[in-house]
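> One structure coming up, written as structure tokens, with questions to follow.
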Amino acid sequence: MTSNFLELKGLYKTFDNITALNNVSLNVSKGEVIFIIGPSGCGKSTLLRAVNWLTPPDKGEVWLEGNLVGSSSSKLTIKEAKLLNNLRAKMGMVFQQFNVWPHLNVLENVVRPQLVVAKRNKANAESKALKILDEVSLHNKIDEWPDHLSGGQKQRLAIARALAMDPILMLLDEPTSALDPELVGEVLIVLKRLVNNGMTMLIVTHELGFASEFGDRLLFMDGGEIIEEGSPKKILTMPKTKRLKMFLKKLDITSFKH
């Protein structure tokens with residue numbers, strides 16, 4: 001049992017000979033916004049996918065609101081599998097490559113998971129979908145097919161679909177990295193609204209200015225480990241380790257403004 005909103009305990013994960021997570025532990029408070037940065041292949045995405053047990057770690061445990069999401073020490077029983085699915089429904093996941101359903105229009109993309117997973121009736125699901133699509137400025141696109149949307153619109157649709165499930169935690173894996181630079185801002189506006197509404201979030205990103213302004217904590221990962229963590233402004237302007245200094249130099253951190 002844990003008193004933390006989200007707790008990761010000693011997560012290990014390897015793929016062949018590559019260590020993606022190496023004894024990662026993390027406590028997250030309700031309403032906290034944590035940004036995760038690091039070089040490609042450092043374990044950022046694996047960490048997010050371990051939180052909702054999409055990528056079960058080889059060792060370790062994940063707890064959400066005092067409920068065990070998963071443990072490597074035992075196989076899931078049918079009862080535990082049902083509990084996992086219920087807990088997953090509380091965690092909205094947004095991927096880098098949008099992952100919207102191309103065979104459903106915008107409105108149906110947000111309605112369908114409510115019908116199938118949340119078991120809502122169609123009228124309630126459509127009402128909620130319309131409200132959320134308005135919040136992400138897609139109210140005039142409800143009949144459009146995803147193929148007709150810009151990258152920024154697709155990502156906002158993916159976020160809307162996740163929000164329709166009333167998540168208590170959002171996991172976002174580089175939500176702006178697949179976008180053209182001029183489309184990044186429209187997604188960040190939606191994320192800013194979530195921050196202001198008190199949503200608990202773990203966000204993998206390279207948007208350092210946004211992380212500095214809106215993050216409560218920033219984690220720097222390398223080699224499957226959390227190398228540094230703390231206030232985003234402090235970490236980005238006064239890195240302690242040589243590894244983080246090198247990483248920021250490669251990102252031309254001299255242009256960073258906070």
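> What are the residues in the range 23-49 that are of a type in the set (Gly, Ala, Ser) and under 12 Å from Leu202 (Cα atoms), if any? Can you show your working first?
Looking only at the range 23-49, we keep the residues that are of a type in the set (Gly, Ala, Ser), and these are 25, 29, 31, 38, 40-41, 43, 45.
Hits for the range 23-49 are Ser29, Gly31, Ser45.
> Could you go through the range 233-242 and let me know if any residue there is at negative phi and touching a residue at least 60 places away in the same chain (Cβ under 8 Å).
Filtering the range 233-242 down to residues at negative phi leaves 233-242.
Imposing the further condition that a residue be touching a residue at least 60 places away in the same chain (Cβ under 8 Å) reduces the set to none.
No, every residue in the range 233-242 fails to be at negative phi and touching a residue at least 60 places away in the same chain (Cβ under 8 Å).
> Go over the candidates Lys192, Lys119, Lys131 one by one and state the one that is free of Cβ contacts under 8 Å to residues at least 40 places away in the same chain and either among the aliphatic types (A, V, I, L, M) or more than 30 Å from Asn4 (Cα to Cα) (or both).
Numbers: Lys192 fails: either among the aliphatic types (A, V, I, L, M) or more than 30 Å from Asn4 (Cα to Cα) (or both); Lys119 fails: either among the aliphatic types (A, V, I, L, M) or more than 30 Å from Asn4 (Cα to Cα) (or both).
The match here is Lys131.
> Just the residues that are more than 26 Å from Pro39 (Cα to Cα) and surrounded by fewer than 21 Cβ atoms within 10 Å (Cβ to Cβ), please, taken from the range 139-161. Write out each step before concluding.
Taking the range 139-161 as the starting set, the residues that turn out to be more than 26 Å from Pro39 (Cα to Cα) are 139-150, 153, 157, 160-161.
Within the range 139-161, His139, Asn140, Lys141, Ile142, Asp143, Glu144, Trp145, Pro146, Asp147, His148, Leu149, Ser150 meet the criteria.
> Can you name every residue in the range 46-66 that is among the charged types (D, E, K, R) and farther than 20 Å from Leu172 by Cβ? Even if it seems obvious, please write down each step before you answer.
In the first step, residues of the range 46-66 are kept if they are among the charged types (D, E, K, R); the result is 49, 58-59, 61, 65.
Correct list: Asp58, Lys59, Glu61.
> I'd like to know if the range 190-200 contains one or more residues that are closer than 25 Å to Pro39 by Cβ, of a type outside the set (S, T, N, Q) and surrounded by 14 or more Cβ atoms within 10 Å (Cβ to Cβ).
To start, the set of residues in the range 190-200 that are closer than 25 Å to Pro39 by Cβ comprises 191.
Pick out the ones that are also of a type outside the set (S, T, N, Q) and you get 191.
Checking which are surrounded by 14 or more Cβ atoms within 10 Å (Cβ to Cβ) leaves us with 191.
Yes.
> Here's something else I'd like to know. Does the range 48-68 contain at least one residue that is surrounded by fewer than 21 Cβ atoms within 10 Å (Cβ to Cβ) and assigned to a helix (DSSP H, G or I)? Spell out the reasoning first.
Of the residues in the range 48-68, the ones surrounded by fewer than 21 Cβ atoms within 10 Å (Cβ to Cβ) are 49, 53-56, 58-59, 61, 65-68.
If we keep only those that are assigned to a helix (DSSP H, G or I) as well, we get 49.
For the range 48-68, residues surrounded by fewer than 21 Cβ atoms within 10 Å (Cβ to Cβ) and assigned to a helix (DSSP H, G or I): present.
> Mind checking which pairs have a first residue in the range 55-82 that is within 21 Å of Phe15 (Cβ to Cβ) and modelled with pLDDT of 90 or more and a second that is of a type in the set (D, E, K, R) and not in a strand (DSSP E or B), Cβ under 6 Å, 6 or more apart or different chains?
Thr55/Arg49
> Hey, any hits in the range 230-243 for a residue that's within 18 Å of the chain's Cα centre (by Cα), surrounded by fewer than 17 Cβ atoms within 10 Å (Cβ to Cβ) and closer than 25 Å to Met91 by Cβ? So that I can check it myself, show each step before the final result.
To start, the set of residues in the range 230-243 that are within 18 Å of the chain's Cα centre (by Cα) comprises 232.
Filter again for surrounded by fewer than 17 Cβ atoms within 10 Å (Cβ to Cβ), leaving none.
Within the range 230-243, not a single residue is within 18 Å of the chain's Cα centre (by Cα), surrounded by fewer than 17 Cβ atoms within 10 Å (Cβ to Cβ) and closer than 25 Å to Met91 by Cβ.
The values are calculated or read from the model by the stated rules, or taken from the named source; none is laboratory data. Remember, predicted model here, so these are calculated numbers, not experimental data. Ideal geometry is used to build each Cβ from the backbone, glycine not excepted, and the neighbour counts take in all protein chains shown.
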